[in-house]
Amino acid sequence: MTNDRAAVHSREREPQPPQARGLDRRAFLRWAGAACAGAVGSSALAACGGSSAASGATASANRVVLASVPSYANAYFTMWRQGGQEAAQALGLQYVMQSYEGSATEQLAQLQAAKAAGAAQVTAFPIDNGDTAQMAKTLASQGIYLATAFDAQPWEVPSDPAYKGYYSVNFLMSEVEGMRKLSLAVFRQIGNSGKVIYIQGAPTDLTSVLRERGFDEAVQMTPGIQVVAKQYGYEAEATTAPVIGALLSQHPDVAAVVCHNSSEALAVDAALAQRGMSHVKVGSSDEEVDILDQMINGPNQVVVRAIFGVWTGGYMVVRNFDAANGVPITPVERLLNGDSLVLDTKESAQLFKQIIFERSTSGYDWRKMSRHLHPNDWDAQTGMAPLDPNVLFTQYLGKPRPAGYQYPPELEKQLQEGAIAHYTSLYAQHVRSSPVAPAIRATTSGETVLGFKV
């Protein structure tokens, strides 16, 4: 997830980003949403980035998809909105995006009123992982289906009986595998040898923890790489700029910089250009348009990992739609690793930008994704696979199982019977096409992070 440059370079008299060293992602997003603070009702939602369909949303319609996000001023959620709007339109639903202005309390209050607003389902980015359980219970009590992304509270799973089957999916976007492959691609650009700086995300943030683990794994695989510094950029240009400035002064002989996200990378690219350091290679996650342009035009940005923001925003709508229409979703299918793509050639970046951002629609066939509408020939069009919660909680997050904790019985049974492997194979059989296939083929590997060659 990235922060929009327009939010960072805000106009005079608009809220300015906090500069405190302790700023984390949640605090930054609270600032980023301030431009639309207080937005209430359909007209305000449309003005701040909600679907124009919001003006027709009524409680009686009960066909509303509510997308709950921390800020409109954010490039990633623009991608969510595009995919969500396309999917909702294809399925005969209305799409409304609502900002909770970075406040967990406000998010919960909005979700408590979801039924009255006509919502049949919610897609959400939880601002605080610890509040997800309460969110899921609140929506389940209203009979509303929930899909989330970039969220995981250790030893909480979407199949918990407390959610009554309404928590359809939680997505993590192959963060460890993706950052490992991104980092290896950057290392290859410098001959697998040299000094490297890593710009972290935000302390304790789940995505930051997972991506840094992937970077560390890549370093362990490449003996010639020397990590000379790690420092938090707090996921924003404004907060990364002074950090990278100081680090480049301390390490003028650095060969590469790997960044947690693209907003940080934009600050790094600018700092390198200012110093005439055109030889330094940069890689980052999240496919916002500005960073793709940096890669296409050069010289520093050489790798961008696309996390399929448009697809994620739309597929969560499809998953909730399927659950609401009686498609059985087993416990191991409710925690998923979504695919990503390491764009490591200018051609792949150009093609990805053209396909996703320069056409009237993304090209995804949302109805074909639906297992309700296409029970036998559904086509996910992007890879995904069940994520073993034991691996996530203990290996990736380093959180031992609490004494006496037990998974829900059906999930435990599936894990013991090898359902992870079964559904990994099943899902792989249902990736039959992709609008971004030309971009995939134009990468060095010719495949996605999860190994798909559509």
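The values are calculated or read from the model by the stated rules, or taken from the named source; none is laboratory data. Treat the numbers as computed from the prediction; the structure is a model and nothing was measured. Because the Cβ atoms are built from the backbone with ideal geometry, glycine has one as well, and the counts that use them run over all protein chains shown.
Taken over region 360-408, the criterion of being within 14 Å of ALA90 (Cβ to Cβ) and among the hydrophobic types (A, V, I, L, M, F, W, C) is satisfied by TRP366, MET369, LEU373, TRP378. Residues that are small (Gly, Ala, Ser), under 20 Å from LEU206 (Cβ atoms) and touching a residue at least 12 places away in the same chain (Cβ under 8 Å) are absent from region 370-382. No other residue among SER340, SER362 is hydroxyl-bearing (Ser, Thr, Tyr) and in contact with a strand residue (DSSP E or B) (Cβ under 6 Å, 6 or more places away or on another chain) apart from SER340. Residue count for region 311-356, restricted to those that are within 16 Å of GLN82 (Cβ to Cβ) and either in the same structural domain as THR424 (by TED's automatic domain parsing) or crowded, with 17+ Cβ neighbours inside 10 Å (or both): 12. Entry remark, region 416-445: residues being in a loop (DSSP other than H, G, I, E, B), surrounded by fewer than 17 Cβ atoms within 10 Å (Cβ to Cβ), of a type in the set (Gly, Ala, Ser) and over 22 Å from the mean Cα position of the chain (by Cα) number 2 in total.
Residues that are under 28 Å from THR204 (Cα atoms) and not hydroxyl-bearing (Ser, Thr, Tyr) within region 395-411 comprise GLN395, LEU397, GLY398, LYS399, PRO400, ARG401, PRO402, ALA403, GLY404, GLN406, PRO408, LEU411, listed in sequence order.
Okay, residues lined up against (1) touching a Gly at 6+ places or on another chain (Cβ under 6 Å); (2) of a type in the set (D, E, K, R); (3) over 27 Å from LYS181 (Cα atoms):
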{"site": "SER370", "(1), (2), (3)": "no, no, yes"}
{"site": "ASP377", "(1), (2), (3)": "no, yes, yes"}
{"site": "GLN381", "(1), (2), (3)": "no, no, no"}
{"site": "ALA385", "(1), (2), (3)": "no, no, no"}
{"site": "THR394", "(1), (2), (3)": "no, no, no"}
{"site": "PRO402", "(1), (2), (3)": "no, no, yes"}
{"site": "TYR405", "(1), (2), (3)": "no, no, yes"}
{"site": "ILE420", "(1), (2), (3)": "no, no, no"}
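Scanning region 139-147 turns up no residue that is in contact with a Gly (Cβ under 8 Å, 6 or more places away or on another chain), buried (at least 22 other Cβ atoms within 10 Å of the Cβ) and not in a helix (DSSP H, G or I). Taking the numbered list (1) in contact with a Lys or Arg (Cβ under 6 Å, 6 or more places away or on another chain); (2) of a type outside the set (Phe, Trp, Tyr); (3) crowded, with 24+ Cβ neighbours inside 10 Å; (4) not in a loop (DSSP other than H, G, I, E, B) in turn, GLU235 passes all entries but (4).
Only one entry of VAL243, VAL227 meets the criterion of being of a type in the set (Val, Ile, Thr) and assigned to a helix (DSSP H, G or I), and that entry is VAL243. Just one of the numbered conditions (1) crowded, with 24+ Cβ neighbours inside 10 Å; (2) in a loop (DSSP other than H, G, I, E, B); (3) more than 23 Å from the chain's Cα centre (by Cα) is not true of ALA152: (3). For region 290-315, filtering for residues that are more than 12 Å from the chain's Cα centre (by Cα) and at pLDDT 95 or above leaves 16.
Regarding GLY276, is this residue modelled with pLDDT of 95 or more, in the same structural domain as SER68 (by TED's automatic domain parsing) and small (Gly, Ala, Ser)? So GLY276 does not fit the description; no.
Here is a check on your reading of the model: is ASP293 over 28 Å from GLN226 (Cβ atoms) and of a type outside the set (Val, Ile, Thr)? Yes. In this entry, GLU177 is excluded by the filter for residues that are touching a strand residue (DSSP E or B) at 6+ places or on another chain (Cβ under 7 Å), in a helix (DSSP H, G or I) and surrounded by fewer than 22 Cβ atoms within 10 Å (Cβ to Cβ). Look at region 221-240: where a residue is in the same structural domain as LYS181 (by TED's automatic domain parsing) and among the small types (Gly, Ala, Ser) and a partner is assigned to a loop (DSSP other than H, G, I, E, B) and loosely packed, with under 15 Cβ neighbours inside 10 Å, sitting 6+ places away or on another chain with Cβ atoms under 9 Å, you get GLY224/GLY191; GLY224/ASN192; GLY224/SER193; ALA238/HIS9; ALA238/GLN16; ALA238/GLN19. Residues in region 202-219 that are farther than 16 Å from ALA256 by Cα and either modelled with pLDDT of 95 or more or not small (Gly, Ala, Ser) (or both): PRO203, THR204, ASP205, LEU206, THR207, VAL209, LEU210, ARG211, ARG213, GLY214, GLU217.
Cβ separations smaller than 7 Å between residues 6+ apart or across chains give the following pairs from region 394-415 residues that are on the phi < 0 side of the Ramachandran plot and assigned to a helix (DSSP H, G or I) to residues that are exposed (fewer than 14 other Cβ atoms within 10 Å of the Cβ) and of a type in the set (S, T, N, Q): GLU412/GLN406.
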